1. For the range 23-40, name all the residues that are more than 16 Å from residue 59 (Cβ to Cβ) and in a loop (DSSP other than H, G, I, E, B).
2. Report the residue count in the range 56-98 for those that are part of a loop (DSSP other than H, G, I, E, B) and modelled with pLDDT under 95.
3. Mind checking which residues of the range 18-41 are more than 15 Å from residue 76 (Cβ to Cβ) and among the polar types (S, T, N, Q)?
4. If I go through the range 3-60 residue by residue, how many of them are basic (Lys, Arg), closer than 17 Å to residue 80 by Cβ and either in contact (Cβ under 8 Å) with a residue 40 or more places away in the chain or surrounded by fewer than 17 Cβ atoms within 10 Å (Cβ to Cβ) (or both)?
5. Within the range 30-47, identify whether any single residue is farther than 14 Å from residue 7 by Cα, of a type in the set (Ser, Thr, Tyr), more than 12 Å from the chain's Cα centre (by Cα) and at pLDDT 90 or above, and answer yes or no.
6. For the range 10-53, enumerate the residues that are among the hydrophobic types (A, V, I, L, M, F, W, C) and either closer than 14 Å to residue 67 by Cα or in contact with a Leu (Cβ under 7 Å, 6 or more places away or on another chain) (or both).
Amino acid sequence: MNGLTLLKCICEDTRFNILELLQKNNKMSVNDLVSKLKKDQPLISHHLKALKECKIVNSKENGKSTMYFISNKEISKLISEIVKTGKKIAVICENPAYCNC
C-alpha cells in the first residue's frame, strides 16, 4: 500500500477515532467502540470493515464477541505520531480559522 492509499483509509473522523482507541486500548469489541464513540453499531461496523479491507485492523473471535486490534506496530506508531503532531501544529497555528479542520 502506498502512502496516499493509507491516508485515504484512515482520513475519516470515525475511522481515525477508532484507530486512536485501538492504539490506546490494544483490543476492543464493536460494543466497546460504540460505547466510547457514542455512535451507532452499524456505522462502527462499516468503518471497521473498511479498516480491515485496508489491512490496518485485524480481528479475532473471543467467545461471542469479536475483538479488533491494529494490525501492526508501524500503524500503531503512525497513529500516535499523527496525534502528537496534530497537537503541536494546533499550538503553533496562527489562524485558528484555518487550523480547525
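The values are calculated or read from the model by the stated rules, or taken from the named source; none is laboratory data. Please read all numbers here as calculations on a predicted model, not as lab measurements. Don't worry about glycine lacking a Cβ; one is built from the backbone with ideal geometry, like all the others, and counts go over all protein chains shown.
1. Result: 38, 39, 40.
2. Qualifying residue count for the region: 6.
3. Answer for the range 18-41, where residues must be more than 15 Å from residue 76 (Cβ to Cβ) and among the polar types (S, T, N, Q): 29, 31, 35, 41.
4. 2
5. Checked against the condition, which is being farther than 14 Å from residue 7 by Cα, of a type in the set (Ser, Thr, Tyr), more than 12 Å from the chain's Cα centre (by Cα) and at pLDDT 90 or above, the range 30-47 yields at least one hit.
6. Of everything in the range 10-53, those that are among the hydrophobic types (A, V, I, L, M, F, W, C) and either closer than 14 Å to residue 67 by Cα or in contact with a Leu (Cβ under 7 Å, 6 or more places away or on another chain) (or both) turn out to be 10, 18, 19, 21, 22, 28, 30, 33, 34, 44, 48, 51.
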